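A.B. asks: What follows is a single structure, and I will ask about it in a moment.
Every number in this text was worked out from the coordinates using simple rules, so none of it is lab data. Just so you know, these numbers come straight off a predicted model, no measurement behind them. Counting neighbours? That spans all protein chains shown, and the Cβs are built from the backbone with ideal geometry, glycine included.
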Amino acid sequence: MDAACRELLQAVVDVARAIFGAAASSVFLLDEEAGELVFQAVSGEGEEFLVGRRFPAGRGIAGWVAVSGEPMIVDDLTTSTAFDRALAESTAYVPDALMAAPLLSGGRVLGVLEVLDPSPQARSSVRELDLLAMFARQAAAALRVAVPDAGAGWPGPDGTGGVPGPLSGTAKGPVAGPAAGPAAAASALDSGRRADALRLLATLEEVLRGE
Amino acid sequence: MEAAMSTPGRGLTWSLRGRGPADVPVVADPGPWPPDSGGPAATGRGVRVCVVDSGVERDHPAVGRVDGSWVVVKDPDTGETSVRPTETGDSCGHGTACAGIVRRTAPECELHSVRVLGERFSGTGDVLLAGLRWAVEQGFDLVNLSLSTTRDRFARELHELADQAYFARTVIVASAHNTPVESFPWRFASVISVGSHQEDDPGLHLYNPSPPVEFFAPGQNVPVPWLGGATIRTTGNSFATPYITGLCARLLSAHPSMTAFQLKNALYLSAANVRFRSLPSLPAGEASDESSESDEPGELHRSRESPEPPEPRLAAGADGTGN
């Protein structure tokens, strides 16, 4: 995976985790053709092994967020014995609370930003929902700046496959292979724009954390 | 309305020619039933509610009986959609949550489910549109739609469908989007649109004097049924909407002839932020004058501490009349 893309996505999840004082945060990108969400960046719990994992995009809270394009907060999940059992098994971590917001670009869902176990004061209020949605909007904007709408696929994690280009209207499945993906993304990525995107996130973090 | 205009003679009345008021009688519901009069309880009994969402979990104790479950299936080759009965439950928990809020607000209503999410990823609005159309065609009294689509190309069809539902007395109660983006069908005047307020009162609804979203209801940290028989808490306009759907079900159970505009009026009159100006106190024998000084701003009279709507003909049951 292109280093700049990876850095950008990692910055998104690191900042999200920091803002909400959360145990973990993830970005999933949507592979529309396969009907799956793919862990693309993880901060915190599961960071070492989750990137690249896939699960059906029609299921679970992240799935609902991807399909509906709406943010959502749920709390008290550990009381639910059936909560996302498959996902919980694969992540070895079942959160008690979860916030998720769509990454939207022009009405199109690129993926989902998820925050697991935010600090208790950052839960279950309309204000937090708004904050999450605002941050997700900034993150999507940063992604849009960093990755131009060139029809190139998102490079897969570790160069071992790919997710169709979420910014492209002509996504055709995981076609961006180890060679094409990183090459296309890297050639299209201008270092100045990358810097802009990262600066955007850094500024946002400062504002939101009141520093 | 193009289709209707092209098919005259189907009972459409473009103007009242050759007939008088006696030829178009309407028998409206009576006013509110006095307490202990034996009138129908406003519990939702006899009212058919359809939740268009991610499905509803079967046998969830906080949802109770689900009278019908359907799913919209899209043919991956032709793109055609169809609606089928299904034994599957909920793919996410969202639909179960909405159904549970309707159930606890209107305990005796009939609950039906049309699943438009979770079959596979279907980010397009056509599955949503197909599910909503089917629900309107079935003639449900109320359709809870805690969803919307941002796709412009579905806006016109959704608009026409919402208008069709309005006149057919299928009232669509639709969530406003949680973020400030354009989406549909909550934007349309022919649906009842709902957003969240931040108050802790689980029985509080407000009228928005600055639409498009018309009503606010509890949507923050709301306890809801979830998958696996569980109960969780959640936040969003999605959960404010079924509370209003439930209120409408209660109204309709006590006053089955109410139209969509009457329901909106009842919700308006019973909203906690709608206050009533006092009547001017006139010397005996003087006619009322619209321009009397009591009509000036600032003369709002906070005479209604009780949530009981003062306009009894329409508002009975909005807050539990009949209990």
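A.B. asks: Suppose the chain between residue B:67 and residue B:82 were pulled fully straight at 0.36 nm per residue; how much longer would it get relative to their current alpha carbon spacing?
C.D. replies: Contour length minus Cα-Cα distance gives 3.4 nm.
A.B. asks: First measure r as the distance between the Cβ atoms of residue B:26 and residue A:33, then evaluate 1/(1 + (r/R0)^6) with R0 = 45 Å and state the FRET efficiency to the nearest 0.05.
C.D. replies: 0.25
A.B. asks: To continue, here is another question. Quantify how strongly other chains surround peptide B:221-227 by giving the mean number of their Cβ atoms within 10 Å of each of its Cβ atoms. Let's see the in-between values first.
C.D. replies: Numbers: counts 7, 1, 2, 2, 1, 8, 8.
Neighbouring Cβ atoms belonging to other protein chains average 4 per residue here.
A.B. asks: If Lys and Arg each add +1 and Asp and Glu each add -1, what is the summed charge of the other residues whose beta carbon sits under 9 Å from the beta carbon of residue A:96?
C.D. replies: Residues close to residue A:96 contribute a combined charge of -3.
A.B. asks: Could I ask something else about it? When the Cα centres of segment B:209-239 and segment B:249-282 are compared, how far apart do they sit, in Å?
C.D. replies: First find each Cα centre; the distance between them is then 23 Å.
A.B. asks: Rounded to the nearest 0.05, what FRET efficiency do residue B:75 and residue B:200 have when you use their Cβ-Cβ distance and R0 = 60 Å? Don't skip to the answer; put the middle values down first.
C.D. replies: Working: r = 47 Å, r/R0 = 0.78.
FRET efficiency, residue B:75 to residue B:200: 0.80.
A.B. asks: Also, quick follow-up: What is the fewest-to-most order of B:257, B:281, B:146 by other Cβ atoms lying within 10 Å of their Cβ?
C.D. replies: B:281, B:257, B:146
A.B. asks: Using the count of nearby Cβ atoms within 10 Å as a rough guide to exposure, how do B:276, A:20 rank from fewest to most?
C.D. replies: Ascending number of Cβ neighbours within 10 Å: B:276, A:20.
A.B. asks: Among B:181, A:42, rank each residue by its count of other Cβ atoms within 10 Å, from fewest to most, as a rough exposure measure.
C.D. replies: B:181, A:42
A.B. asks: So, one more: Summing +1 for each Lys or Arg and -1 for each Asp or Glu, what net charge is found among the other residues whose Cβ lies under 12 Å from the Cβ of residue B:132?
C.D. replies: So the surrounding residues net to -4.
A.B. asks: OK, next. Using the Karplus equation 6.51 cos²θ - 1.76 cosθ + 1.60 (θ = phi - 60°), what ³J(HN,Hα) coupling, rounded to whole Hz, does each residue of segment B:79-96 give in order, writing x for Gly and Pro?
C.D. replies: The phi angles translate into x, 6, 10, 9, 10, 10, x, 9, 9, 6, x, 10, 7, 9, x, 4, x, 4 Hz.
A.B. asks: Loop only per DSSP, at most 12 neighbouring Cβ atoms within 10 Å: give me the GluC sites (Glu not before Pro) in segment A:35-65, ordered by residue number.
C.D. replies: Details: sites: A:36, A:45, A:47, A:48; in loops: A:45, A:47, A:48.
Loop-located and lightly packed - A:48.
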